[in-house]
Structures are given as C-alpha cells and as structure tokens.
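Let me begin by presenting the structure, written as structure tokens, before commenting on it.
Values quoted throughout were computed directly from the atomic coordinates according to the rules given, and no laboratory measurement underlies them. The model shown is predicted, which means the values in this text are computed figures rather than measured ones. Glycine also receives a Cβ, built like all others from the backbone with ideal geometry; neighbour counts cover every protein chain displayed.
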Amino acid sequence: MSTSAAIASTSAVLPRRGGVLNALSDAFWRNPRLLLFLMLAPPVLWLGVVYLGSLFALLLQSFFSIDEFSGLINREFTLKTYGELLLPSNMDIMIRTVVMAASVTIASAIVAFPIAYFAARYARGKWKALFYLGVMLPLWSSYLVKVYAWKLILAKEGILTWALDKLHLTWLLDAWLSLPVVGGNSLSVSFTGTFIVFVYVWLPFMILPIQAALERVPGNLIEASADLGASPAQTFRNVLFPLALPGIIAGSIFTFSLTLGDYIIPQIIGNSQYFIGQAVYSLQGTAGNIPLAAAFTVVPIVVMGIYLWMARRMGAFDAL
Amino acid sequence: MVSAVSFQKVSRHFGSVKAVDAVDLDIEPGEFFAMLGPSGSGKTTCLRLIAGFEQPTSGAISIFGERAEGVPPYRRNVNTVFQDYALFPHLNVLDNVAYGLMVKGIGRAERLKAAEDTLALVRLPGYGSRMPGQLSGGQRQRVALARALVNRPKVLLLDEPLGALDLKLRENMQEELKLLQKSLGVTFIFVTHDQGEALSMADRVAVFNDGHIMQIGTPHDIYQRPASRFVADFVGSSNVLPPEFVKLHSGQMRWASLRPEAIRVKREQDANGIPADVVALNYLGASTRIALDVNGLRLHAMIPAGQPLPEQGERVTISFNREQIHLMDGEA
C-alpha cells in the first residue's frame, strides 16, 4: 500500500522535497536569470579582468616611451613609440609578417577545402573517425617536436633533398632556392621553409571549421544547382563556396592570427629576418623596450580588425 | 508520337537492394503522371533516374527520344521541385528563381524579368527581394516551382511536392498545380505516397511496390479495377476480399475487391443479406464510414449523410451486387 501511494499520489501538487539542493532547484526554477548569472559570472570575470584587463594594460604601455640614454620607461602619454614603429626597418617586419600570414592562410584554405569536403560529404563511419584522427593527431604532439622534425626534413642533408635527388629534381630545388626573398641556402633557412611549416602546423584549424560549414550544406542544394543546369564548377562558385565561406573565414581567423603572433617557427626555420612575434620577444626581453613591444602587439589586433571588417563588408557572414 | 519519358527494362540496384527492378514505362508528352507507392518502393529512385541524379544499373532511358544514360543532370532539360524545396539560403527569392538562367549565361536584366514573370505565374509577385528563410512553407513551395518552371523544362519532376503543407493549403495547391500544368502543357511527373493526391491530380498513375510497377492506368482504372491485392490495399479504402469469401458470393476462388460505397447496410435482419456486426463508426462529414465484422472478416462501408446510421455493436445486414465484386489477378 505504501509503495503504490508513492507511485500514484493522491494530491495534484506534490509536496516539497526537503534539503538545501531541492530548495536551490526551486529557487533557480523560479528565477532562471539567477542561475544564468551564477554560471556566467566566473568566466566573464576571467575574460573581463584577466584577459581584457591585461590587453588594455598592454595598449596603455604602447603610449609610453623609453628614454634612449637611461633605458627607463617614461610614463607620459606620447605617440613617439608609434612613430618608431613606422621606421622602415620596423615596417619591413610588419609587411613581412602580414604577407606571410596572408600566404599561409590562402594556402591552408586551398589545401584544407578538399579534405574538409571529403570529410563532410563522403566520409561515414570509420572513415569519418579516421579523418578526425588524422586531423587531430598532430595536435596531440608538442608543437616544438613537430617544428624540429620539419627542420630535419627541410635541411640540406634532409629527406626532402634526398628524395628530390633520387627523382633527379635537384635542379628544381636549386632554382627555387636561388630566387630572391623566398630562397636561401636550404629550405630550412628560407621563407619557403617557414611557409611550409606554418601551413602544416595550422592546417587543422582551417580544416575543422570548413568541414563544419560544409556539413551544414544540405546535399540537395548541390543537386538543385546541377538540376538547374549548373556545371560542377558553377555549383562550386555559386552555391558551395558562398555557403562554406563562414567556415573559411573562421578558419582563416585562426591561421591568420596564429601566424601573425608566432615567434618560434620563424626562429627555428627561416633566415634571421624578424617577424612581429620575434620582434616583440626580443624587445621585451633583452632590449627591455616594453613600449615598442606593446606597440608591435597592437599591429595584429588592428590587422585582424580590418580583416574582419572587410570580410563582413564582403558578405562573408550573410549565410550564418 | 515519341514519349516524353521512356524506360526500357530499367534497373537501379544499390548493392543487393533492387530499388528499381526492370521497369518499363512510357509517359506521354503533356501528361500529368503520378508515381504512387509506399516509401522504399522505388518511385523516388525512378524520379532521380529521370533527373540524372542516379544512373541506371541496366536498361535504357530516353527523354523525348534522346538517350539519357550517362548524361549529367546539368545537361538535361528537365527540372525538379524538391521535397523540401532546396532553395538557396544565401540568395533572395528573385535570384533563386533566376539561378537556372544565370548559369546558362543569360543577362541580368533579362533573367530577372523572366524570374519576376514566373513569380507572378505562381502568384508571388513582388516577393523577389525576400530571403527564403522569411517565407512560409506554401510560399517556398511556389518559389521552388517558379525556379524550376522559369527554365521552360521539357519535363517537370515533383518529389512529394505537397508533403510538407497542411491540408487546406495542400488541396489548394493540388488544384493550382493541375491548372498550371494544363495551361503550360509541360509534362509533369510527380511522386507521392498519398493515393488521394495521385488520384485527384494525375492523368495516369503508376503504382510502385518493391521496385516494380504493379499497375499503370487512369485514376478511375486504378481505383475501380485494381489489378492486384497490393494495389487494392494501397490505393483505396477498397475492401479486399479473400478467395473463400469471393467463392461464397460469386463462385470463383479468387481474390477480389469491393468498394465501400457498394455495400448497403440495413438495420433489420434479412435472410438475403449477410449478417455483420458494427465495430466502429467514423464520421467524415459528407458520409460516415462504418467498420463491420463479418465472421472475422473486416469490411468497410460508406453511408452518405442523412441516411439512418446503425449503432456501435449492433447486428446489421449487408448486401451488394455481385457485379460490384472486382476479381483480381494472381495470388489466389
């Protein structure tokens, strides 16, 4: 009798279940905003204080200047540091970095698209698992290990030179390395090498957003396009690409900003010419010029801002 | 005269699954043709074979006399209205409708004019600047129709075109589609699992089951003279009579069908009729459908509104004319 009473209660409103947790549940149910507030407060505080706070501190530093003779920081607002930033040698660093980031982004998008397309449209079951494994596995090992591995691969005595030699293509490598800017003594000390390693390291960050975007494109849109007379190339241009664009933009934000800020890859693989990240690293370290270092870090923020604004203007987010 | 669409022994197998198996089919130009069948019966695969999304495993398909095997969808003058419309979400209504003309390289002004005209044809004038996401289901349906018709296809394929609409809208669209088809003279082929829709709209109906066509005929043929038990079962509310019952009342040991409206129900006992128990009454407005139990056999009868109705559980007498029993082939 007692068990049946528990299952089939005679009253329409069940009695309160006692205890602090149940009282809390009732309070949250009556006041959902309270729960939302309690859940959001810690991350917002973290983001607001620790993250944005330090960013503003950095921004503030960039308006200070350094005294050339004493090496001490002069805490007075001035645009002198930004004037220094525009010196030809510093402009070279910025242009070099932005061009590298743009090339890496474009190359990543070109390499990533077919892989993402395969994963989104064709891979099922174990092929899909294999795809995720293949894309994610490199992320599990240390970034430094991968970069040093590439140094060996690209070195003059490395496997790439050896393979090209066996294919009788050494002349091609030599011709490429003799080119200005992209060339050098070997791939491991050229911008070409830096570029290859950047593309390799950031590729997963391009593949995954494109795959997610393509996954959301219904297959019958592709069929509808073909049905209406569009060749595969026209379907790509008019349907697939516009609908994948938010994914490409999301991926490019990763590859572009990660390349803009990286200072390890160009230090290990590349010639001795600086990228923004390396400039910041040496300015805040040995040189002790914190204001100029801060001014340098503002550059990627501004570049990304302009990039996103342009993407928005071009309608990249219309399909979101 | 050359057929609009002709199938000769067409099969489409997916591994061991025979989605379409040795189907022969001829659809006349200007015809409103329905492919009717349960899900998995091969009707949609047939439609996709005509559109070019599928290629036959064997057999020959011709569209207006031209062989279609190996021809990609974008080189077929055939357009499809997709089940869930498949409108391009990033293009507005006008650009959606003009899409087919755009990829054919027709100038912007000309194609937008044609798109606007076609939108007027499907009674959506002035909707061009809206995005597909801002339209109701019925409006999207019309846009999908306009997007296909603007290309002036030789054959228009409709895949469950009215499936997602509510009843009232569906009935309106049925009439409208039929009028549109008659005025344009384009061959319409539509796929549906709704027998009412197929019978009310089509000039001819093909009933599919298990990758085969069970029967092709006018709606009247299909409804009045179903060729097999499956067709009788699927197409109608027809009663399917087992051989034993048929032998008793018409002398032949064959399966047969009997339409509900052919059964007369009398409340008083009568030695000439067959006694039956009333199991349930379904009020349908213009008539009432009565479920009867005759010695374990379930039959349905229709009683027009205004006539006296028996009560549930009552014992009644039913009768019908022998010639109303339609004998079916096979499966004795």
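Here are the numbers for this structure:
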{"item": "Average beta carbon contacts from partner chains per residue of A:216-226, 10 Å cutoff", "result": "6"}
{"item": "Estimated FRET transfer efficiency when R0 is 25 angstrom, pair B:ILE106-B:SER129 (beta carbons, to 0.05)", "result": "0.80"}
{"item": "Averaged over A:238-247, number of beta-carbon atoms from partner chains that fall within 10 Å", "result": "2"}
{"item": "C-alpha center-to-center spacing [the stretch A:28-51, the stretch A:138-168] in angstrom", "result": "47 Å"}
{"item": "Computed over chain A: relative contact order in percent, which uses C-alpha pairs under 8 Å that are six or more apart", "result": "23 percent"}
{"item": "Expected-Rg normalisation [2.2 N^0.38 Å, Cα atoms] applied to the stretch B:88-157", "result": "0.99"}
{"item": "Derived scalar couplings ³J(HN,Hα) [the stretch B:224-231; Karplus, 6.51 cos²θ - 1.76 cosθ + 1.60; whole Hz; x for Gly, Pro]", "result": "7, 10, x, 7, 9, 4, 4, 5"}
{"item": "Whole-number Å³ per residue for the convex hull built on Cα positions in the stretch B:240-332", "result": "98 Å³"}
{"item": "Kyte-Doolittle mean at least 1.0, axial Cα span of 15 Å or more - DSSP H helices of chain B", "result": "B:93-103"}
{"item": "Low-density loop cleavage sites - GluC sites (Glu not before Pro) in the stretch A:2-88, where at most 12 other Cβ are within 10 Å (DSSP)", "result": "A:GLU68, A:GLU76"}
{"item": "Positive-end residue, the protein assembly as shown charge dipole about Cα centroid, Cβ charges, pick of A:GLY261, A:ASN289, B:LEU162", "result": "A:ASN289"}
{"item": "GluC sites (Glu not before Pro) restricted to the stretch B:19-96 and DSSP loop, no more than 15 other C-beta within 10 Å", "result": "B:GLU69"}
{"item": "Column: log10 I(q)/I(0), Debye, Cα scatterers of the stretch B:1-129, q = 0.11, 0.21 Å⁻¹", "result": "-0.51, -1.19"}
{"item": "Dimensionless Rg/Rh of the protein assembly as shown - Kirkwood Rh, Rg from C-alpha atoms", "result": "1.14"}
{"item": "Rh by Kirkwood over Cα pairs, then Stokes-Einstein D for the stretch B:44-99 at 1.306 mPa s and 10 °C, µm²/s", "result": "124 µm²/s"}
{"item": "Simple spin-label estimate for A:ASP26 and A:TRP46 in nanometres, 7 Å along Cα-Cβ", "result": "3.3 nm"}
{"item": "Normalised per residue, the volume of the convex hull around the Cα set of chain B (Å³)", "result": "165 Å³"}
{"item": "Percent of beta bridges antiparallel (DSSP, chain B, rounded to nearest 5)", "result": "70 percent"}
{"item": "For B:LEU121, A:LEU187, B:LEU179, B:LEU149, order by how many other beta-carbon atoms lie within 10 Å, fewest first", "result": "B:LEU179, B:LEU121, B:LEU149, A:LEU187"}
{"item": "Using alpha-carbon coordinates, inclination of helix A:241-261 to the longest axis of chain A, degrees", "result": "60 degrees"}
{"item": "For the stretch A:129-230: rounded, prolate or oblate by the Cα gyration tensor [a/c cutoff 1.5]", "result": "prolate"}
{"item": "Base-10 log of normalised Debye intensity for the stretch A:1-119 (one unit scatterer per alpha-carbon) at q = 0.16 Å⁻¹", "result": "-1.02"}
{"item": "Cα centroid of the stretch A:225-260 to Cα centroid of the stretch B:233-307, whole Å", "result": "61 Å"}
{"item": "Cut-off 15 Å between beta-carbons: net charge of the residues surrounding A:GLY134, Lys and Arg +1, Asp and Glu -1", "result": "+3"}
{"item": "Spatial separation of Cα centroids for the stretch A:78-123 and the stretch B:97-124, in angstrom", "result": "41 Å"}
{"item": "Exposed-site-free run, longest, chain A (rule: chymotrypsin sites (Phe, Trp or Tyr not before Pro); DSSP loop; at most 12 other C-beta within 10 Å)", "result": "A:123-320"}
{"item": "Shielding by partners - mean other protein chain Cβ count within 10 Å, residues of B:98-111", "result": "3"}
{"item": "P(r) histogram, all alpha-carbon pairs of the stretch A:213-268 included - 10 Å bins from 0, percent", "result": "22, 35, 19, 16, 8, 1"}
{"item": "The stretch B:147-229: C-alpha gyration tensor shape, a/c 1.5 cut-off, then a/b vs b/c", "result": "prolate"}
{"item": "Protection proxy ranking of B:307-315, B:41-49, A:94-102 - average other beta-carbon atoms within 10 Å, highest first", "result": "B:41-49, A:94-102, B:307-315"}
{"item": "Charge tally in the Cβ shell below 14 Å around B:VAL93, where Lys, Arg are +1 and Asp, Glu are -1, B:VAL93 excluded", "result": "+3"}
{"item": "Ellipsoid equivalent to the stretch A:70-171 - semi-axes via the Cα gyration tensor, in Å", "result": "40, 24, 16"}
{"item": "Å³ per residue enclosed by the Cα convex hull of chain A", "result": "284 Å³"}
{"item": "Selection of trypsin sites (Lys or Arg not before Pro), the stretch B:110-192, meeting DSSP coil and at most 13 other Cβ within 10 Å", "result": "B:ARG123"}
{"item": "Sorted by Cβ neighbour density within 10 Å, fewest at the top, the residues B:MET1, B:MET328, B:MET35, A:MET91", "result": "B:MET1, A:MET91, B:MET328, B:MET35"}
{"item": "Gaussian network model of chain A, Cα within-10 Å springs - most flexible of A:LEU14, A:LEU283, A:LEU60", "result": "A:LEU14"}
{"item": "Considering only the protein assembly as shown, percent of DSSP beta bridges that pair antiparallel, nearest 5", "result": "70 percent"}
{"item": "Integer Hz, Karplus 6.51/-1.76/1.60 couplings in order for the stretch A:128-142, x for Gly and Pro", "result": "5, 4, 4, 4, 4, 4, x, 6, 8, 3, x, 6, 7, 8, 5"}
